[in-house]
Amino acid sequence: MLHALEITASTVDPALLDLPWELPLEDWPADILAALPRGLSRHVVRFVHLSDRVIAVKEIGETVAHKEYELLRDLSRLQAPSVLPTAVITGRTDAQNEELPAVLVTEHLQFSLPYRALFSKYMTEDTATRLIDALAVLLVRLHLLGFYWGDVSLSNTLFRRDAGSFSAYLVDAETGELHPEGLTEGQRTYDVDLARINIIGELMDLQAGSYFPSEDDPIEVGDRIRTRYNELWNELTAEESISVDQRWKVQDRIERLNRLGFNVGELQIKSDRDGRHIVIQPKVVDAGHYHRRLMRLTGLDVEEQQARRMLNDLKTYRAVTEQLDRPLELVAHEWMRHVYEPVISAIPPQLAAKLSPGQIFHEFLEHRWFRAQNAGHDLPLEDVISSYVNSVLPMKRDEAVLLDSGADTTFEMSAVHLEDEPIDGMLGHADASNDPEASPDSGSWAQEAPQPRMRFVPGLGLLPVYE
Ligand SMILES: Nc1ncnc2c1ncn2[C@@H]1O[C@H](COP(=O)(O)OP(=O)(O)OP(=O)(O)O)[C@@H](O)[C@H]1O
Ligand SMILES: [Mg+2]
């Protein structure tokens, strides 16, 4: 059958040719499948082990497969948060020489979860809100690049944990269109309206299955996509008139954008007719402000809020080790050696699939705070690492691999499958036992949590204490 296959790809892993393309995806043997959570979809999708990675294979019409492949290539060229395309394979026939559908192959997005895999008993309003916030950021980022999605929904998005929040990635680009000249307001509004309708529908579906609290209103929660999107879009793009004697407000706007995770690539500044005002408007904004800063300092590639958290920890480390006069670049190496690496290298290989390294480090920081709080004083780093690795991490469910890869098929992840999951292993944190969500969004309490024991550092104020 192989001679009939046509593969479109920028590079082909020869192992791709060994997959059983002559079988419908439904019939692919269990031993090559990776058991990972998969969202709802019309098409058949399978996750497959290929060399040392996992790919997602979707059976789909030939024209659509090529269109989606090209769009995903454009998006990855533009560094948009989306899955990466690997190949389109056409010309498949079975043993009886009957035609089989084309497939689109993408790289499986590691540590990502479909929204239905993010809870066990039911999704709380709080989680729904955080997912919608992440989706609003994704939608704004795509719109800034001139990408009209056309089918925005929770199902067409993948989520990664990002400290106490989530970050969202586009997974289904089938209906998308790229307009390099930018989107019209009408196109943007239409996309947001569609997102709102789809999200409300998805929350209503959850509610009908008792997976969303009956007292919460899906419409009210779903409306948030519009408000969050509009707030963010305005902050990133709107003109602002500033009185000439208040020029500090320019810096203020830039810092506000940084806090939202964006960098200003180009800022347009015009003076007003009356000469007493200037008008500023961001022209080019790039997402990933903290991500890029941490990457430059340490080479670590983590999510935005994880990066923000790590940068804070790094700055705290510089202060409490009395190195405020040394450049952050130099201290960063030391912080990596003395703080980050000891934590990550203490994770035994069998636990490494639980969470991404960025999230593990974030949770370690939470745990360090929790231990210090309980003890009333800080504890040596090795001690905290050992209690995190031995008592907290093993309680977490695997996110890279949810089932043994020997399971007979990949599966539709539903709330029910996770009923028996252990709840948060955060050493009996007060909220954990009441948390209906088995896959704890542990960062949420951390955000509200009081800080660890503080020390006054001249020039920086109160900072948490390291051992
Ligand atoms: N590269 C990937 N990484 C991780 N998960 C993926 C990937 N590709 C697909 N999936 C999973 O498969 C699901 C279905 O994919 P997708 O939405 O592309 O299918 P579809 O049939 O086109 O959907 P729809 O019904 O919206 O048309 C996704 O929700 C996601 O859970
Ligand atoms: Mg889809």
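The values are calculated or read from the model by the stated rules, or taken from the named source; none is laboratory data. Given the structure is predicted, the values throughout are model-derived calculations rather than measurements. Neighbour counts run over all protein chains shown; Cβ positions are idealised from the backbone, glycine included.
I'd like to know if the range 87-100 contains one or more residues that are closer than 22 Å to Arg160 by Cβ, within 14 Å of ligand 1 (Cβ to nearest atom) and either touching a residue at least 24 places away in the same chain (Cβ under 8 Å) or outside the structural domain of Leu203 (by TED's automatic domain parsing) (or both). Checked against the condition, which is being closer than 22 Å to Arg160 by Cβ, within 14 Å of ligand 1 (Cβ to nearest atom) and either touching a residue at least 24 places away in the same chain (Cβ under 8 Å) or outside the structural domain of Leu203 (by TED's automatic domain parsing) (or both), the range 87-100 yields no hits at all. Per the conditions (1) more than 16 Å from ligand 1 (Cβ to nearest atom); (2) small (Gly, Ala, Ser); (3) within 24 Å of the chain's Cα centre (by Cα), the sole criterion not satisfied by Ala173 is (1). Which count do you get for residues in the range 236-247 that are modelled with pLDDT of 90 or more and either hydrophobic (A, V, I, L, M, F, W, C) or in contact with a strand residue (DSSP E or B) (Cβ under 6 Å, 6 or more places away or on another chain) (or both)? Total meeting the criteria: 7.
Highlighted here are the helices (runs of 4 or more DSSP H) found entirely within the range 273-360 that include at least 3 residues which are in contact with a strand residue (DSSP E or B) (Cβ under 6 Å, 6 or more places away or on another chain) and closer than 24 Å to Leu381 by Cβ: 304-320.
Quick one: is Ile60 away from ligand 1 (no atom under 14 Å from the Cβ) and among the β-branched types (Val, Ile, Thr)? Even if it seems obvious, please write down each step before you answer.
Values: away from ligand 1 (no atom under 14 Å from the Cβ): no; among the β-branched types (Val, Ile, Thr): yes.
Judged against the criteria, Ile60 is not a match.
To keep it simple, each residue is scored yes or no on (1) within 15 Å of ligand 2 (Cβ to nearest atom); (2) under 25 Å from Arg397 (Cα atoms).
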residue	(1), (2)
Ser10	no, no
Leu17	no, no
Pro29	no, no
Arg46	yes, yes
Ala65	yes, no
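Can you confirm whether the range 393-410 contains a residue that is at pLDDT 85 or above and buried (at least 20 other Cβ atoms within 10 Å of the Cβ)? Spell out how you get there, then give the answer.
Looking only at the range 393-410, we keep the residues that are at pLDDT 85 or above, and these are 393-394.
Filter again for buried (at least 20 other Cβ atoms within 10 Å of the Cβ), leaving 393.
Scanning the range 393-410, I find at least one residue that is at pLDDT 85 or above and buried (at least 20 other Cβ atoms within 10 Å of the Cβ), so the answer is yes.
Listed residues Glu174, Glu185; which is exposed (fewer than 14 other Cβ atoms within 10 Å of the Cβ) and either over 22 Å from Leu113 (Cβ atoms) or within 16 Å of ligand 2 (Cβ to nearest atom) (or both)?
Details: Glu174 fails: exposed (fewer than 14 other Cβ atoms within 10 Å of the Cβ).
When all the criteria are applied, what remains is Glu185.
In the range 28-39, what count of residues is obtained for those that are more than 14 Å from ligand 1 (Cβ to nearest atom) and not in a loop (DSSP other than H, G, I, E, B)? Write out each step before concluding.
If we filter the range 28-39 for residues that are more than 14 Å from ligand 1 (Cβ to nearest atom), which is where we start, we get 28-32.
Restricting the remaining residues to those that are not in a loop (DSSP other than H, G, I, E, B) gives 30-32.
Summing the residues that are more than 14 Å from ligand 1 (Cβ to nearest atom) and not in a loop (DSSP other than H, G, I, E, B) in the range 28-39 gives 3.
Test Gly265 against the stated conditions and say whether it is free of Cβ contacts under 8 Å to residues at least 12 places away in the same chain and either of a type in the set (Val, Ile, Thr) or loosely packed, with under 14 Cβ neighbours inside 10 Å (or both). No.
The set of residues in the range 193-212 being within 20 Å of Ser120 (Cβ to Cβ) and buried (at least 17 other Cβ atoms within 10 Å of the Cβ) consists of Glu202, Leu203, Leu206, Gln207, Tyr211, Phe212.
Determine which member of the set Val57, Val83, Val103 is within 14 Å of ligand 2 (Cβ to nearest atom), of a type in the set (Val, Ile, Thr) and in contact with a helix residue (DSSP H, G or I) (Cβ under 8 Å, 6 or more places away or on another chain). On inspection, the qualifying residue turns out to be Val83.
Matching residues to (1) at pLDDT below 95; (2) part of a helix (DSSP H, G or I):
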site: Val12; (1), (2): yes, no
site: Leu17; (1), (2): yes, yes
site: Trp21; (1), (2): no, no
site: Ser41; (1), (2): yes, no
site: Val48; (1), (2): no, no
site: Val64; (1), (2): no, yes
site: Glu70; (1), (2): no, yes
site: Leu75; (1), (2): no, yes
site: Thr86; (1), (2): no, no
